[in-house]
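Novice: Shown below is the structure under consideration.
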Amino acid sequence: MNKKTFLLLVFLFFMVACKGQEQKVVAPPPPQVKFQFPVKKEVTYYLYFSGRTKPFAAVEVKARVEAKVKKMFF
């Protein structure tokens, strides 16, 4: 069987297979969509900056009693 005969047989096979009743295309129902009504609220605006900060005052912390730490509970 040569190439032309084979292609003709394949073409005829697909033509016969495609014959028949036409399938009716039915549109799907519309999707169920969840929605929510808008809410009016006050919005807090934030500003984000990158950089370094410097304290305006320094405080020194000193212990008032003399003791040794035996356990740390945290």
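Novice: Has region 9-19 got at least one residue that is exposed (fewer than 10 other Cβ atoms within 10 Å of the Cβ) and not in a helix (DSSP H, G or I)?
Specialist: Yes, that holds for at least one residue.
Novice: Out of everything in region 42-60 that is polar (S, T, N, Q) and over 27 Å from the mean Cα position of the chain (by Cα), what residue ends up being modelled with the highest pLDDT?
Specialist: Across region 42-60, the extreme among qualifying residues is Ser50.
The values are calculated or read from the model by the stated rules, or taken from the named source; none is laboratory data. Computed from a predicted model, the values in this text were never measured in an experiment. As a convention, Cβ positions derive from the backbone with ideal geometry for all residues, glycine included, and neighbour counts pool all protein chains shown.
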